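Taking it in order: structure first as structure tokens, then the write-up.
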Amino acid sequence: MLLALFGLTSAAHAASGYTGSFVITQMYISGAENEHVRVSGFPAISACPNGPTWVYINQSASGSKTYIAALMIAYASGKPVNIYWTTDVNGFCQIIELIS
């Protein structure tokens, strides 16, 4: 019983990690709460099955304007970024931190 309970609680935790340093190859802008700004250019992340080759930030996320500005500058200038991501409930990777 205890092992079953442990398995359920560990499955409930979201996966997270760094993409590793990469240059953004594509930006996709969508609706404000529809994985608003999506960036690509890193190897696929298997923990994010519904969008393994891109990460996103929504407009409602804390500090989103700063993240979006930094991502756009990095994309336009070809500078590398390293993004810390976490999976959301829908199996996509959400941006939590950004190193540029």
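State the number of residues belonging to segment 63-100 that are under 14 Å from the mean Cα position of the chain (by Cα), on the phi < 0 side of the Ramachandran plot and not in a strand (DSSP E or B). Give the derivation first.
Quick first cut of segment 63-100, residues under 14 Å from the mean Cα position of the chain (by Cα) only: 64, 67-68, 71, 81-99.
Filter once more, so that each one left must be on the phi < 0 side of the Ramachandran plot: 64, 67-68, 71, 81-90, 92-99.
Applying the additional criterion that residues be not in a strand (DSSP E or B) yields 64, 67-68, 71, 88-90, 92.
Of the residues in segment 63-100, 8 are under 14 Å from the mean Cα position of the chain (by Cα), on the phi < 0 side of the Ramachandran plot and not in a strand (DSSP E or B).
Can you tell me which residue within segment 51-60, out of those that are assigned to a loop (DSSP other than H, G, I, E, B) and under 12 Å from the mean Cα position of the chain (by Cα), is surrounded by the most Cβ atoms within 10 Å (Cβ to Cβ)? It would help to see each step written out before you state the result.
Residues of segment 51-60 assigned to a loop (DSSP other than H, G, I, E, B): 51-53, 58-60.
Filter once more, so that each one left must be under 12 Å from the mean Cα position of the chain (by Cα): 51-53, 58.
Numbers: 51: 20, 52: 16, 53: 16, 58: 17.
Per the criteria, the residue is 51.
Can you tell me which residue within segment 4-30, out of those that are outside any helix (DSSP H, G or I) and modelled with pLDDT under 95, is farthest from the chain's Cα centre (by Cα)? Show your work before the answer.
So in segment 4-30, the residues outside any helix (DSSP H, G or I) come out as 13-30.
From what's left, modelled with pLDDT under 95: 13-14.
On the way: 13: 16, 14: 12 Å.
Going through the qualifying residues, I end up with 13.
Of all residues in segment 31-40, which are assigned to a loop (DSSP other than H, G, I, E, B) and either hydrophobic (A, V, I, L, M, F, W, C) or buried (at least 18 other Cβ atoms within 10 Å of the Cβ) (or both)? Steps first, please.
Initially, segment 31-40 is screened for residues assigned to a loop (DSSP other than H, G, I, E, B), giving 31-36.
Passing the criteria: 32, 35, 36.
The values are calculated or read from the model by the stated rules, or taken from the named source; none is laboratory data. Quick caveat, the model's predicted, so the values are computed rather than measured. Counting neighbours? That spans all protein chains shown, and the Cβs are built from the backbone with ideal geometry, glycine included.
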